Amino acid sequence: MKRLFLGLVAMMGVLSLSAQSVYDFTVKDSEGKDVSLSQYKGKTLLIVNTATRCGFTPQYKELESMYEQFHDNGLEILDFPCNQFGQQAPGTIQEIMQFCKANYGTQFQQFNKIEVNGDHAHPLYTWLKDGDDIKWNFTKFLISRNGEILRRYEPRAPLSDIEADIQMEVNPVLVNIMARRSVRKYLDKPVEHKKLELIVQAGINAPSGSNRQPWAVRVVEDQQLIAEVTEVYKQAHGEQVKRDKDFKNMFRNAPNLICVCSPVGGGGNLDAGLLGENMMLAAQSLGLGTCCLGGPVRFLKSNEQAKFFLERLDIPADYELHYIIAVGYPDEQPQAKPRDVSKVKYIK
């Protein structure tokens, strides 16, 4: 019997070590039935070990409020009652659920009681805590939409901090902003005209000082035009092109271009920048990738043989090409690059 027990413990440890995401685990629901956490794929999860006779028990009310606020946007709260800390979660799971509903109106998912520390710790918690034991009731873990641990919160962590982190995962606008990357590899597939229209519509609705709208936008769908100016580029930068085995065109191989023009001598640069950010975020929301390009602009302005491209854009006389947004279906998924938070200061 002892060998069997040790074998089971070893197997649970192997499962925790080999797990790649929260979806690799199975738990018991309130009726003792197996539930694969893979059913929560695509959801943001807040996993918490709870108790009904703890000083932190009133957090149930805040958790329920958070659940009601964000559930429609993809948040699920997974509650695992645990009696390991001061024996503060007595009773059956049915009694615990009845207590929570009667006192806090809880609607989020409550699972069967488990242990989170020690030899009998559930594999899920062995994975979650990663060697750092759970200190007390109402320790929380935030899990991303792809099943990865984002952050651990100790019981005294302000619920407002957790709410702010959840916003970054479930708020559609914030999710879109945080997901956008500069894409430099694209599928050989032009973007549908209607999508390009939507992107530009989002752009021209950007803020503009005194509503001057000091911009001119030109959307290039003509693949032959892109190919022709690329030939000029290849003649001028032959060695560079040869080193790039994936080279297709001078615009990071994007099948479509959005050319943003602003008044000569400045005066519209801020407005044009706001316009571009709107368009890149709109493209992201439509499943497209973008990259803001400056190098091709310098080439087009300086190379006489490439001037035909600018002529085709039909830029107003008092305007000039400011930057180009490459847009297309991405053929890569770049990782986020770190941002220097130390450059931000709050003056209170």
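Round to the nearest 0.05 the FRET efficiency obtained for residue 301 and residue 144 when R0 = 45 Å and r is the Cβ-Cβ distance.
0.55
Each of residue 160 and residue 182 was given a label point 7 Å from its Cα along the Cα-to-Cβ line. The distance between the two points is 3.6 nm. Counting 0.36 nm for each residue step from residue 248 to residue 152 and taking away their Cα separation leaves a gain of 30.0 nm.
In terms of its C-alpha gyration tensor, segment 255-317 comes out oblate, because a/c is 1.5 or above while a/b does not outweigh b/c. Simple spin-label estimate for residue 39 and residue 21 gives 1.8 nm between the two label positions (7 Å along the Cα-to-Cβ direction from each Cα).
Result for the chain in a Gaussian network model with C-alpha springs under 10 Å: among 181, 298, 243, the largest mean-square fluctuation is at 243.
Our coupling estimate for segment 272-284, obtained by passing each phi through the Karplus curve with A = 6.51, B = -1.76, C = 1.60 and θ = phi - 60°, is 5, x, 5, 4, x, 4, 4, 5, 5, 5, 4, 4, 4 Hz, Gly and Pro reported as x. Using a Cα-Cα cut-off of under 12 Å, which aspartates and glutamates could be cross-linked to residue 301, ignoring same-chain neighbours fewer than 8 residues away? Excluding near neighbours in sequence, the set is 311, 320. The angle separating the long axis of helix 59-70 from the principal Cα axis of greatest extent in the chain is about 30 degrees.
If the label point is 7 Å along Cα→Cβ of residue 241, which residues in segment 290-332 have backbone nitrogen under 13 Å from it? Flagged as within label range: 306. The GluC sites (Glu not before Pro) of segment 249-348 that meet both conditions, a loop assignment by DSSP and at most 16 other Cβ atoms within 10 Å of the site Cβ, are 332.
Of the trypsin sites (Lys or Arg not before Pro) found in segment 83-164, the ones in coil according to DSSP and having at most 16 other Cβ atoms within 10 Å of their Cβ are 135, 145, 156.
Tell me the per residue accessible area of the chain using a 1.4 Å probe; a whole number in Å² is fine.
Numbers: 19010 Å² over 348 residues.
I get 55 Å² per residue for this part.
For the pair segment 138-205 and segment 275-309, the centres of their Cα atoms are 24 angstrom apart. Students often get this wrong, so check it: of 234/307; 135/337; 185/242, which have C-alpha atoms separated by over 26 Å? Flagged as over cut-off: 135/337. Over the chain, what percent of the accessible surface lies on carbon and sulfur atoms, probe 1.4 Å? Of the solvent-accessible surface of the chain, carbon and sulfur hold 51 percent. Within the full protein context, the accessible area of residue 168 is estimated at about 70 Å² for a probe radius of 1.4 Å.
Its DSSP H runs of at least 4 residues, each contributing -39,500 (n - 2.57), put the calculated 222 nm mean residue ellipticity of the chain at -11500 deg cm²/dmol, to the nearest 500. Computed from backbone phi with θ = phi - 60° and the Karplus coefficients 6.51, -1.76 and 1.60, the 3J(HN,Hα) list for segment 176-185 is 5, 4, 6, 8, 5, 9, 7, 9, 10, 9 Hz; x is used for glycine and proline.
The values are calculated or read from the model by the stated rules, or taken from the named source; none is laboratory data. None of these values were measured; they are calculated from a predicted model. No Cβ is skipped: glycine too gets one built from the backbone with ideal geometry, and neighbour counts run over all protein chains shown. These accessible areas exclude ligands, DNA and RNA; they are computed on the full protein's heavy atoms, side chains included. Shrake-Rupley method; radii C 1.70, N 1.55, O 1.52, S 1.80 Å.
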